[in-house]
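Reading through the structure tokens given below for one structure.
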Amino acid sequence: MPDTITITDDRTGKTVTVPIEGGVFPSSALRELDPTLYCYDPAFLSTASTRSSITYLDGANGVLRYGGYPIEQLAEKSSYLEVAYLLLNGELPTSAELAQWEHEVTHHTFIHENMRKRFVDGFHYDAHPMGMFVSAIAALGTFYNDAKEIEDPESRQIQIRRLIAKSPTIAAMCYKFSVGLPFNQPSNDLSYAANFLNMMWKIGDYEVDPVLERAMDVLFILHADHEQNCGTTAMRVIGSSHADPYSSAAGAASALYGPLHGGANEAVVRMLTSIGTIDNVHPFIESVKAGEERLMGFGHRVYKNFDPRATIIKQTAYDVFEVTGKNPLLDIALKLEEEALSDSYFVDRQLYPNVDFYSGLIYQAMQFPTSMFTVLFAIPRMSGWLAHWQELLNDPAQKISRPRQWYDGPDERDYVPIVDR
Ligand code: SDX
């Protein structure tokens, strides 16, 4: 059987046959049949918006690979900065390349004092840290006018390095502002994860716990990229207009902020807290089935089986709880998972725990306020967003994103003076 698809326009009898490659066929087939014929696909359920070599997902089998490397191996053996290098360059670095990359990122973690002392003071005292993070990423770009030179590969590399290096600093700044505590400057003597934890928590003789440092780094690895998710699609759409990477990343972070996307980890902990006890799990499950509630942290557009990240995060949770003490919400989460996975409502809809179901339990046990959870997602996803932005700019098949529409509004009609309405 040939790897082709044949489409016939029954209105004209015209037929076109195009190749199927990598599970997709070119929409140019439709333009050959009728240039005014469009494929209606709200939320892009069946649309491949790009060709990419960065991350591979197999939703039916719970497979996630960065550059061909299984997420399970990267979580066990790699580091976030090594994974960021892999996403950006397509290959794991040599030891010299990794040392150079770590040095470059480590020595670009400071942000301009105007951001730390003036910009951040413009926020209301109870501003949500994720809203602050989105704003700060956009504002960061105003300190680097060379960021607009997106055609210059060297400028792109400098901005990529700045955004990856400064995201944790900005995140910690947002947290410190929200609790009215003084900021801790970045330290060049610490790893990426340890530097972030140090900026978050350093008071007095605080020392970063190596178990929590490793758990943070693993969580960063797991959240680094996930192919064409909502936030990354936003990065690509904005980047396709040749906006600078800071403005594009701020748009991606805005998409991630939504509770159906990266905001779900915060929503999960709020959901578990409101359930409150094991005894309330079954009534809550029934309310979800009645359509009154949504089981946050469950379901995924791609994974119709388990989310491999959830499996790793669940294991990481136990490591963290050894240090922090068990999060009391864990038992409620485990009971929810157990009951949902044995209920046809969820099984029939292929709803399984996703990356957000257990991550919030770890963050809460590490003393992060729930309002910081999506910021913790955005920090590592910055490298994924930038890898896709870079791939977009290097892809000759890409141009400014501009979908078509199915118009079903009113036909032409004449203006009616207000006295006659
Ligand atoms: C992330 O895309 C990515 O890769 C995202 C991400 C990444 O790394 O970037 O993986 C990160 O965003 C993970 C998802 C976090 N969001 C949540 O946990 C929020 C809760 N989940 C859902 O809202 C939902 O599952 C989505 C948004 C994740 C996926 O939604 P889809 O693919 O559009 O599926 P759908 O809403 O059409 O649901 C299909 C059916 C519906 O039932 P019916 O109308 O057919 O009867 O399943 C039901 C939905 O009502 N359903 C749920 C549910 N999720 C879907 N019912 C109860 N609880 C849920 N969580």
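The values are calculated or read from the model by the stated rules, or taken from the named source; none is laboratory data. Since this is a predicted model, take the numbers as computed values, not measurements. Neighbour counts are summed over all protein chains in view; Cβ atoms, including those assigned to glycine, are modelled from backbone coordinates with ideal geometry. What goes into the accessible areas is simple: the full protein's heavy atoms, side chains included, and nothing from ligands, DNA or RNA. Shrake-Rupley method; radii C 1.70, N 1.55, O 1.52, S 1.80 Å.
Overview of values
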{"quantity": "Residue within the stretch 314-325 that is within 16 Å of the ligand (Cβ to nearest atom) and surrounded by 24 or more Cβ atoms within 10 Å (Cβ to Cβ) present", "calculated": "no"}
{"quantity": "Subset of the stretch 10-38 (residues that are surrounded by 12 or more Cβ atoms within 10 Å (Cβ to Cβ), in a loop (DSSP other than H, G, I, E, B) and of a type in the set (Gly, Ala, Ser))", "calculated": "Ser27"}
{"quantity": "Qualifying residue in the stretch 290-300 (condition: surrounded by fewer than 20 Cβ atoms within 10 Å (Cβ to Cβ), in the same structural domain as Thr374 (by TED's automatic domain parsing) and touching a residue at least 40 places away in the same chain (Cβ under 8 Å))", "calculated": "no"}
{"quantity": "Within the stretch 108-137, tally of residues that are open to solvent by less than 20 Å² (accessible area, probe 1.4 Å) and within 24 Å of Leu190 (Cβ to Cβ)", "calculated": "9"}
{"quantity": "Residue check, Thr6 among the polar types (S, T, N, Q), more than 16 Å from the ligand (Cβ to nearest atom), open to solvent by 50 Å² or more (accessible area, probe 1.4 Å) and outside any loop (DSSP other than H, G, I, E, B)", "calculated": "yes"}
{"quantity": "Scan of the stretch 49-84 for residues that are assigned to a helix (DSSP H, G or I) and aliphatic (A, V, I, L, M), ordered by number", "calculated": "Ile71, Leu74, Ala75, Leu81, Val83, Ala84"}
{"quantity": "Conditions (1) under 18 Å from the mean Cα position of the chain (by Cα); (2) more than 10 Å from the ligand (Cβ to nearest atom); number of the one not met by Thr277", "calculated": "(1)"}
{"quantity": "Residues that are aromatic (Phe, Trp, Tyr), within 24 Å of the chain's Cα centre (by Cα) and more than 30 Å from Gly297 (Cα to Cα), drawn from the stretch 373-417", "calculated": "none"}
{"quantity": "Qualifying position, being under 27 Å from Pro35 (Cβ atoms), modelled with pLDDT of 95 or more and in a helix (DSSP H, G or I), among Leu376, Leu386, Leu392", "calculated": "Leu392"}
{"quantity": "Residue count for the stretch 258-274, restricted to those that are surrounded by fewer than 21 Cβ atoms within 10 Å (Cβ to Cβ) and either of a type outside the set (Val, Ile, Thr) or near the ligand (Cβ under 6 Å from one of its atoms) (or both)", "calculated": "8"}
{"quantity": "The one condition in (1) in contact with a strand residue (DSSP E or B) (Cβ under 8 Å, 6 or more places away or on another chain); (2) open to solvent by 40 Å² or more (accessible area, probe 1.4 Å) that Ala224 fails to fulfil", "calculated": "(2)"}
{"quantity": "Positions within the stretch 222-250 being within 12 Å of the ligand (Cβ to nearest atom) and either over 19 Å from Val375 (Cβ atoms) or touching a helix residue (DSSP H, G or I) at 6+ places or on another chain (Cβ under 6 Å) (or both), in sequence order", "calculated": "Leu222, His223, Ala224, Asp225, Glu227, Gln228, Cys230, Gly231, Thr232, Thr233, Ala234, Met235"}
{"quantity": "Lys166 being crowded, with 21+ Cβ neighbours inside 10 Å and of a type in the set (Lys, Arg)", "calculated": "yes"}
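Yes/no per residue for (1) within 16 Å of the ligand (Cβ to nearest atom); (2) under 20 Å from Gly384 (Cβ atoms); (3) open to solvent by 30 Å² or more (accessible area, probe 1.4 Å); (4) touching a Ser or Thr at 6+ places or on another chain (Cβ under 8 Å):
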{"site": "Ile158", "(1), (2), (3), (4)": "no, yes, yes, no"}
{"site": "Gln185", "(1), (2), (3), (4)": "no, no, yes, no"}
{"site": "Asp189", "(1), (2), (3), (4)": "no, no, yes, no"}
{"site": "Met200", "(1), (2), (3), (4)": "no, no, no, no"}
{"site": "Ile203", "(1), (2), (3), (4)": "no, no, yes, no"}
{"site": "Val211", "(1), (2), (3), (4)": "no, no, yes, no"}
{"site": "Arg214", "(1), (2), (3), (4)": "no, no, yes, no"}
{"site": "Phe220", "(1), (2), (3), (4)": "yes, yes, no, no"}
